[in-house]
Amino acid sequence: MKGLINIPNIITCLNLISGCFAIVSALQGDYETAFAWIIAGAVFDFFDGMAARLLGVSSPVGKELDSLADVVTFGVAPSAILYSFGESFYDGVTCMFPTLLPYHFAFVMAAFSALRLAKFNLDERQTMGFIGLPTPANALFWASLIVGCGDWIQTLPYKPLILLLMMGVSCWLLVSEIPMFALKFKHWGWRGNEIRYAFLLSCLPLLAIFGIAGIAVIVAWYVVLSILTNFTKNHSKS
């Protein structure tokens, strides 16, 4: 039994290592590989919790280790992608900000990701849903956006300002009090799972239409759908 308790922690460490590899790839300008490592980290993040539940070996150490790994993979890694991408098109002349400001501020998102994870560990309301945007969703949004739309973003005027504003929205969503649904099923029936099935069914056409950038579209759609669902629930109660 003692050996079993290490299995989920090993999987969690693989998540953390994936995040480290993603950071290295991002700083080298290899955003596709960085994106792949973030996806790998998300897979490990999914299976470490599943392994802990199946083996019945959940522990406080595993919970803390999971948050530390998530900070690296879903906080620092996407920030590194945004930083490296911003640095690649900065010329020091056309940019309307001082030299260090446009892209170094990307790491503010890592701080907000850490804050979101700390709140999640203490918030007992997030057993069947989330309060605020989950860090894996935020990381996948930025990685897929840069990989799928990087060339188009390069053509935009005031792109540093646009990216900074988008990052500000991401930081706010991470620590917001907006309830967001989780893809957790108590049963497989339609009633009670309408929003989950509707969301999953909409993912395939979005991926088919937008390709890799479709993941960013799916995350944005997830946020909008969560807000609409919450508004509908509150409106029906009043």
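The values are calculated or read from the model by the stated rules, or taken from the named source; none is laboratory data. Remember, it's a predicted structure, so these values are computed and weren't measured experimentally. Virtual Cβ from ideal backbone geometry, glycine too; neighbours counted across all protein chains shown. With ligands, DNA and RNA removed, areas are computed over all heavy atoms of the protein, side chains included. Shrake-Rupley method; radii C 1.70, N 1.55, O 1.52, S 1.80 Å.
Check which residues have an amide H placed less than 5 Å from SER176's amide H, if you skip close sequence neighbours.
Result for SER176 returns LEU133.
What accessible area, in Å² to the nearest ten, does a 1.4 Å probe give for MET50?
60 Å²
Please list LYS233, LYS186, LYS119, LYS159 in order of solvent-accessible area, largest first, computed with a 1.4 Å probe with all protein chains present.
Details: LYS233 120, LYS186 165, LYS119 75, LYS159 40 Å².
Descending order: LYS186, LYS233, LYS119, LYS159.
For helix 213-237, report the angle its Cα long axis makes with the longest principal axis of the Cα atoms of the chain; keep it between 0 and 90° and round to the nearest 10°.
The angle comes out near 60 degrees.
For segment 172-204 and segment 135-161, compute the distance between their C-alpha centroids and round to whole Å.
Centre-to-centre distance over Cα atoms comes out at 24 Å.
Calculated FRET efficiency, SER59 and ASP123, Cβ-Cβ r, R0 30 Å, to nearest 0.05?
Numbers: r = 20 Å, r/R0 = 0.65.
For R0 = 30 Å, the calculated efficiency reads 0.95.
Please count, across the chain, the pairs of lysine residues with Cα atoms under 24 Å apart that sit 8 or more places apart or on different chains.
9
Which order do ASP151, ASP30 take by accessible area at a 1.4 Å probe, largest first?
Details: ASP151 135, ASP30 55 Å².
Descending order: ASP151, ASP30.
If the only charges are +1 at each Lys and Arg Cβ and -1 at each Asp and Glu Cβ, what is the size of the charge dipole of the chain around the Cα centre, to the nearest 20 debye?
Values: 13 positive and 14 negative charges, 190 e Å.
Charge dipole of the chain: 920 debye, to the nearest 20.
Report, to one decimal in Å, the Kirkwood hydrodynamic radius for the chain based on all distinct Cα pairs.
On the way: mean 1/r = 0.0532 Å⁻¹.
Result for the chain, one decimal place: 18.8 Å.
At 0.36 nm per residue, and after removing the present C-alpha to C-alpha distance, how many nm does the segment from ASN230 to ILE10 gain when stretched out fully? It would help to have the intermediate numbers written out before the result.
Values: separation 220, 0.36 × 220 = 79.20 nm, distance 3.69 nm.
Contour length minus Cα-Cα distance gives 75.5 nm.
Using C-alpha positions alone, give me the convex hull volume of segment 146-221 per residue in cubic angstrom. Write down the numbers at each step before the final one.
Working: hull volume 8.1 nm³, N = 76.
Dividing the Cα hull volume of segment 146-221 by its residue count gives 106 Å³.
Which one, ASN15, GLY56, VAL72, projects farthest toward the positive side of the charge dipole computed for segment 1-86 from Cβ point charges (K/R +1, D/E -1)?
The one lying farthest along the dipole's positive direction is GLY56.
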